[in-house]
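First the structure, in the form of structure tokens, and then the observations on it.
The values are calculated or read from the model by the stated rules, or taken from the named source; none is laboratory data. Keep in mind it's a predicted model, so treat the numbers as computed, not measured. Positions of Cβ are generated from backbone atoms using ideal geometry, with glycine treated the same way; all protein chains shown enter the neighbour counts. Ligands, DNA and RNA are stripped out before the accessible areas are found, and what is left, the full protein with its side chains, is counted by its heavy atoms. Shrake-Rupley method; radii C 1.70, N 1.55, O 1.52, S 1.80 Å.
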Amino acid sequence: MSQSTVATDLLPFADRAFQDNPYPYYKIARDHTPLYESPLGVFAVTRHSDVFSLLRDKRLSAAELDFGVANIFHDSVLGMDSPDHGRLRRISAKWFTPDRISEWITETRRIVDKALDEGEAAGGLDACQDLSFAATFGTMAYILGVGTHEAAECRQKVIEMGRALRPAATDADVIGAQEAFAWYVGYISDLVAYKRRNPGNSLLDAFLAAQESGEMSEAEIMATVTLFYAVGHLDNSFLIQNGVKLLAEMPEERRLFL
């Protein structure tokens, strides 16, 4: 793997054309070089085999990552090396059993069926808000054993947090993300306090039990729940939205699902 710089920026992260459809840019960069240095100072590893190797290279450390405004994630699996990474991962992994996943799928189907029924009665629905976001946020809240209050606010704050994590982040993005993280930490703190007052049989209950047994700290609970909540609903909702969009644009592929 060798480094390459070119006169033209192959990955113009700040350009609207790149943000609308980055895949042609990624292909050009991948075909040009396995390691591209952006003018922004970001190194992009473009080929699967190299990414695969780097993810398993013990010389690299997650603890050395700079999360910027998202430094809370150093207390989650994202920012930990072994053995702490494995310790936190095992606590969560215990919950990802076939029976639990089947239960979560049932809840997701219930939310989706409700959205489709209401959409049929109303003559249409918003695939982003009514379908994908409702299903992913609702499922994540169910897994954690909490309510779906302030759902729209949560979604917006996660978007604002993500803007500061991109290579082309502006000063305004960083300021907005700092405010969004502060709001989110307060929101998660309230969820944890609620769950302590109202114990049950959820993933968040398992985290609190792990804290009582000395396996997990308060900071790790905060970071892990923030990570699960943020990534658990937003990324998956985008996946569903893009899937719906592509199927709407590709009738031959859509017929395969009928």
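Would you pick out the residues in the range 34-73 that are in contact (Cβ under 8 Å) with a residue 12 or more places away in the chain and part of a loop (DSSP other than H, G, I, E, B)?
Correct list: P34, S38, P39, L40, V42, T46, R47, S61, L65, F67.
Mind checking which residues of the range 74-94 are outside any loop (DSSP other than H, G, I, E, B), in contact (Cβ under 8 Å) with a residue 12 or more places away in the chain, open to solvent by less than 70 Å² (accessible area, probe 1.4 Å) and over 11 Å from M216 (Cβ atoms)?
Taking the range 74-94 and keeping what is outside any loop (DSSP other than H, G, I, E, B), we get 74-75, 77-79, 84-93.
Still in the list and also in contact (Cβ under 8 Å) with a residue 12 or more places away in the chain: 74-75, 77-79, 85, 87-89, 91-92.
Checking the rest, the ones that are also open to solvent by less than 70 Å² (accessible area, probe 1.4 Å) come to 74-75, 77, 79, 85, 87-88, 91-92.
The answer is H74, V77, G79, H85.
Being among the aliphatic types (A, V, I, L, M), open to solvent by 90 Å² or more (accessible area, probe 1.4 Å) and closer than 23 Å to H32 by Cβ is the filter here; which residues of the range 47-67 pass it?
Result: L55, single match.
If I go through the range 177-208 residue by residue, how many of them are within 21 Å of the chain's Cα centre (by Cα) and open to solvent by less than 20 Å² (accessible area, probe 1.4 Å)?
12
Regarding the range 144-166, can at least one residue be identified that is crowded, with 20+ Cβ neighbours inside 10 Å, more than 30 Å from D20 (Cβ to Cβ) and modelled with pLDDT of 90 or more?
For the range 144-166, residues crowded, with 20+ Cβ neighbours inside 10 Å, more than 30 Å from D20 (Cβ to Cβ) and modelled with pLDDT of 90 or more: present.
Considering (1) of a type in the set (A, V, I, L, M); (2) open to solvent by 30 Å² or more (accessible area, probe 1.4 Å); (3) more than 22 Å from D190 (Cα to Cα), say which one A135 fails and leave the rest.
It fails just one condition, (2).
Assess whether Y23 counts as being open to solvent by 60 Å² or more (accessible area, probe 1.4 Å) and either within 19 Å of L165 (Cβ to Cβ) or not basic (K, R) (or both).
The answer is yes for Y23.
Conditions first: (1) in a helix (DSSP H, G or I); (2) touching a helix residue (DSSP H, G or I) at 6+ places or on another chain (Cβ under 6 Å); (3) surrounded by fewer than 20 Cβ atoms within 10 Å (Cβ to Cβ). R110 passes all but one, so which condition is the exception?
It is condition (2) that R110 fails.
For the range 112-138, name all the residues that are within 25 Å of K94 (Cβ to Cβ) and free of Cβ contacts under 8 Å to residues at least 40 places away in the same chain. Walk me through how you get there before you give the answer.
Of the residues in the range 112-138, the ones within 25 Å of K94 (Cβ to Cβ) are 135-138.
Answer for the range 112-138, where residues must be within 25 Å of K94 (Cβ to Cβ) and free of Cβ contacts under 8 Å to residues at least 40 places away in the same chain: just G138.
Conditions (1) open to solvent by 50 Å² or more (accessible area, probe 1.4 Å); (2) at pLDDT 95 or above; (3) of a type outside the set (A, V, I, L, M, F, W, C), marked per residue:
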{"position": "D173", "(1), (2), (3)": "no, no, yes"}
{"position": "E220", "(1), (2), (3)": "no, yes, yes"}
{"position": "N236", "(1), (2), (3)": "yes, no, yes"}
{"position": "L246", "(1), (2), (3)": "yes, no, no"}
{"position": "P251", "(1), (2), (3)": "yes, no, yes"}
